[in-house]
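Novice: One structure is given below, represented as structure tokens, and several questions about it will come after.
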Amino acid sequence: MDQTKKSFKLRSQRWFDDPEDPGMTALYIERFLNFGLTRGELQSGKPIIGIAQTGSDIAPCNRHHLALAERVKAGIRDAGGIPLEFPIHPIQETGKRPTAALDRNRPISRSWRSCTATRWTGWC
């Protein structure tokens with residue numbers, strides 16, 4: 001890290017509460033307001049915790065993850081954090097025709113790769 005840069009306790013503070021770069025701070029805040037978060041939450045200094053969500057209506061084996069994610073979010077809030085849920089592609093075997101073999105290994109690794117690639121730009 002550059003010695004002239006201010007050190008932050010949390011990486012998210014660099015995005016949402018950096019007085020040295022108000023333009024980028026405003027850009028990040030504006031983008032995350034679309035998720036239903038408030039400016040006060042984003043600049044509160046609380047950790048933002050990501051929840052990778054595989055649950056959906058089309059994948060019955062992961063359907064319970066929708067309710068589980070709500071419980072996880074409540075726990076994060078109770079512990080003083082800010083939960084942010086993001087989707088991961090579920091593998092739904094029974095709805096795939098002619099076979100689900102094409103999706104067995106690729107989608108999750110592809111989703112993870114795209115998430116880690118965008119991590120450096122501040123989206124995961």
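Throughout, read-outs are computed from the coordinates displayed, never taken from laboratory work. Treat the numbers as computed from the prediction; the structure is a model and nothing was measured. With ideal geometry, Cβ positions are generated from the backbone for all residues, glycine too; neighbour counts draw on all protein chains shown.
Novice: Let me know the Rg and Dmax you get for segment 1-73 when you use only its Cα atoms, in Å.
Specialist: Calculated on Cα positions, Rg and Dmax stand at 16.3, 51 Å.
Novice: So if R0 is 35 Å, what FRET efficiency would GLU20 and VAL72 give, r being the distance between their Cβ atoms, rounded to the nearest 0.05?
Specialist: So, using R0 = 35 Å, E works out to roughly 0.55.
Novice: Something else about it: Lys/Arg Cβ at +1, Asp/Glu Cβ at -1, dipole of segment 18-83 taken about the Cα centre: which of THR25, CYS61, ILE82 is farthest positive-ward?
Specialist: Ranked along the dipole, the leading option is CYS61.
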